[in-house]
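In what follows, a single structure is set out as structure tokens and then discussed.
The values are calculated or read from the model by the stated rules, or taken from the named source; none is laboratory data. Keep in mind that this is a model prediction, so the values were computed, not measured. Cβ coordinates were reconstructed from backbone atoms using ideal geometry, including for glycine residues, and neighbour counts include every protein chain displayed. Surface areas here come from the heavy atoms of the whole protein model, side chains and all, with no ligands, DNA or RNA. Shrake-Rupley method; radii C 1.70, N 1.55, O 1.52, S 1.80 Å.
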Amino acid sequence: IVVGVDNFSTGFQENIEDVLSKVAPGQAARFSLITGDIRDDSLCRQACQGIDIVLQEAALGSVSRSVADPATTNQNNVDGFLNMLIAARDAKVARFVFASSSSVYGDCTDLPKIEDHIGKPLSPYAVTKYLNELYAGVFGRLYDFSCIGLRYFNVFGRRQNPNGAYAAVIPKWFNSLIRREKTFINGDGATSRDFCFIDNVVQANLLAGCTDNPAAIGQVYNIACGERTTLNELHSMIRKLLESVDPDCFYPEPEYRGFLPGDVRHSHADIDKAVRLLGYCPTHMVQEGLTKTAAWYLQHGTGCPK
């Protein structure tokens, strides 16, 4: 049985329905959805009953959102996280895998980023994710509770929401370019990220949830591709992918504007620890992931006006 919990504050139920439509009826019947909020501790307890593995992905994302509204980010990412941690412990869940973030590296300028060396957080969002790691570590030591944290680096892929003030850059650019709207780069475009396709993240969660390696428990891992792409390079890659589908369609150059407060300048993961202890092996590097993502947005977007 698979149980999902979502309040749909940032996601959409049609995404779940789309996934269920693509699996066998017998598999779809094994999924149940609880519509609710992890800030409700009774709902968290309900969700954890009879469950072996918890994949705690629920959070209010976006550095910019947390700068604008730190209280709501904290309520979701700290209070809600702690509710799930307590509920999973009390339900005697065998494994608790949770989403952390590359934002915990803060002002640490070392490249690539290594799990044991972090800096001071640069945003309220980063603080909440670091607190998640601290809480999970304490629960592991105090209650002999099996926790594994995954520090995601700029996840992207199909079904990612391109709309709203806090939309991630890749879906926003795909959507805007397909619609012939302006695209913007914050800063000079030399800012770099270790963009990670969603299939790699799914792999990491399955490995973390099922590993029987004692050395892998109670750890946090970088989940990325181990390569760095600047925003200028990323924009060019997306434009070229769209132009390859329709070479007669012109996709304009980006416009530049100011840096965002709390934003990290460079991000590049060392994934050796995840490879060594979890058996993680990225199946999609950035270009491959963008190609699959482009196909999805072209299918669901408006296409090039003629």
Answer yes or no: is there a residue in segment 171-179 that is open to solvent by 10 Å² or more (accessible area, probe 1.4 Å), assigned to a strand (DSSP E or B) and either in contact with a helix residue (DSSP H, G or I) (Cβ under 7 Å, 6 or more places away or on another chain) or over 18 Å from Ser103 (Cα atoms) (or both). no
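Identify, from the list Leu241, Leu234, Leu278, the residue that is closer than 20 Å to Asn154 by Cβ, over 20 Å from the mean Cα position of the chain (by Cα) and open to solvent by less than 30 Å² (accessible area, probe 1.4 Å).
Values: Leu234 fails: over 20 Å from the mean Cα position of the chain (by Cα); Leu278 fails: over 20 Å from the mean Cα position of the chain (by Cα).
Being closer than 20 Å to Asn154 by Cβ, over 20 Å from the mean Cα position of the chain (by Cα) and open to solvent by less than 30 Å² (accessible area, probe 1.4 Å) holds for just one of Leu241, Leu234, Leu278, which is Leu241.
Checking the conditions here, which among Phe81, Phe31, Phe12, Phe8 is in contact with a Phe, Trp or Tyr (Cβ under 9 Å, 6 or more places away or on another chain) and either open to solvent by less than 60 Å² (accessible area, probe 1.4 Å) or not basic (Lys, Arg) (or both)? Talk me through it step by step, then tell me what you get.
Working: Phe31 fails: in contact with a Phe, Trp or Tyr (Cβ under 9 Å, 6 or more places away or on another chain); Phe12 fails: in contact with a Phe, Trp or Tyr (Cβ under 9 Å, 6 or more places away or on another chain); Phe8 fails: in contact with a Phe, Trp or Tyr (Cβ under 9 Å, 6 or more places away or on another chain).
Sole residue among the options that is in contact with a Phe, Trp or Tyr (Cβ under 9 Å, 6 or more places away or on another chain) and either open to solvent by less than 60 Å² (accessible area, probe 1.4 Å) or not basic (Lys, Arg) (or both): Phe81.
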Tell me, yes or no, whether segment 247-265 has at least one residue that is among the aromatic types (Phe, Trp, Tyr), open to solvent by 20 Å² or more (accessible area, probe 1.4 Å) and closer than 17 Å to Gln160 by Cβ. no
Please go through segment 67-78 and give me each residue that is modelled with pLDDT of 95 or more and either open to solvent by less than 20 Å² (accessible area, probe 1.4 Å) or among the small types (Gly, Ala, Ser) (or both), ordered by number. Ala71, Thr73, Asn76, Asn77, Val78
Among the residues of segment 1-44, count how many are assigned to a loop (DSSP other than H, G, I, E, B) and of a type outside the set (Asp, Glu). 16
Count - residues of segment 89-107 that are more than 28 Å from Tyr143 (Cβ to Cβ) and open to solvent by 20 Å² or more (accessible area, probe 1.4 Å): 1
